[in-house]
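The values are calculated or read from the model by the stated rules, or taken from the named source; none is laboratory data. Values in this document were obtained by computation on a predicted structure and should not be read as measured data. Cβ coordinates were reconstructed from backbone atoms using ideal geometry, including for glycine residues, and neighbour counts include every protein chain displayed. Remember, those area values only see protein heavy atoms, side chains included, never the ligands or the DNA or RNA. Shrake-Rupley method; radii C 1.70, N 1.55, O 1.52, S 1.80 Å.
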Amino acid sequence: MRTHGLRFDVNCSILFTELPLLERPAAAKRAGFDAVEFWWPFADPVPGDREIDAFTGALADAGVQLALLNFVGGDMAAGDRGLLALPEGSAQFRANIDVCAGIAARTGCTILNALYGNRADGLSEPEQDELAAENLALAARAAAAAGATVVVEALNSYDSPRAALISSRRALEVISLVRTQAGVTNVAFLADLYHLGKMGEDLPGTLAREAASIAHIQIADVPDRGAPGTGVLDFEPAFRQLAAQGYAGRIGCEYKPTDPADSSTSFGWRAPDEV
């Protein structure tokens, strides 16, 4: 399918996981990409300098740009989906802010993804939003010093039944709250077309209506989170619309590999003359 001149990167936390972490940027480069993105790649929210040096060195050695980096999101394998709005997770998130922003400054990464988290027992939706806004304001100020924007995304309730943000409307409510309360301008929307599509949102309508708020896009097909063309979403019209709207950000390939043993086979959906 044609991609209309849009810029893509590879999420190396879901693709190329058959390789050690530090070998993935070079694998993405060999697959034809000049940028990558990662979920938080370290075991701890505040890793040692040697770990950070090795990570940033692998990016530099591969000759790829770090397009997006997630803040620490908790124990994702155990069901955590972020720490922003969780009282028990705030300290860990806040400890991670300067480290994540420091990596952004060092690598030229301009998008930092802050995951909201699950519904919290004992807290109302407005109370969780207020806590998230406080943490987002801290993150946004640190990110601004690094020249980066903090993004918030909506998940889907099928894969993450306890996720608190499961629509573009709710994610944008949180973004609006922190912008208004803290006076920060570098908080924006991450439009993950897989999650939005899985929840049945009108993707053309959302992309048009929220164009000014979208700082990053991620893609995977519905229903199984595979590569474009493996499911029901019609990506080429979406790419054409984004190009027509003047979208200048990157689009992260955040889908499951076609062959888990060889992720390099997962990009055949792109027109050969656009690779």
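Output the number of residues of the stretch 233-275 satisfying the condition of being touching a residue at least 24 places away in the same chain (Cβ under 8 Å), open to solvent by 40 Å² or more (accessible area, probe 1.4 Å) and among the β-branched types (Val, Ile, Thr).
2
Would it be correct to say that Val178 is farther than 29 Å from Pro257 by Cα, outside any strand (DSSP E or B) and open to solvent by less than 10 Å² (accessible area, probe 1.4 Å)?
yes
I'm trying to understand the selection: among the residues of the stretch 84-110, which are open to solvent by 30 Å² or more (accessible area, probe 1.4 Å) and not in a helix (DSSP H, G or I)?
Pro87, Glu88, Gly108, Thr110
May I ask you to list the residues in the stretch 111-128 that are open to solvent by 20 Å² or more (accessible area, probe 1.4 Å) and within 23 Å of Glu210 (Cα to Cα)?
Correct list: Glu125, Pro126.
Could you tell me whether any residue of the stretch 3-14 is acidic (Asp, Glu) and within 17 Å of the chain's Cα centre (by Cα)?
Within the stretch 3-14, one or more residues are acidic (Asp, Glu) and within 17 Å of the chain's Cα centre (by Cα).
Please go through the stretch 138-165 and give me each residue that is open to solvent by 10 Å² or more (accessible area, probe 1.4 Å) and closer than 17 Å to Pro126 by Cβ, ordered by number.
Hit for the stretch 138-165 is Ala164, nothing else.
Search the stretch 1-50 for residues being of a type in the set (S, T, N, Q) and under 30 Å from Ala91 (Cβ atoms), and hand back the single one that is surrounded by the fewest Cβ atoms within 10 Å (Cβ to Cβ).
In this case the residue turns out to be Thr17.
Would you confirm whether or not the stretch 224-243 contains a residue that is under 17 Å from the mean Cα position of the chain (by Cα) and either assigned to a helix (DSSP H, G or I) or among the β-branched types (Val, Ile, Thr) (or both)?
No, the stretch 224-243 contains no residue that is under 17 Å from the mean Cα position of the chain (by Cα) and either assigned to a helix (DSSP H, G or I) or among the β-branched types (Val, Ile, Thr) (or both).
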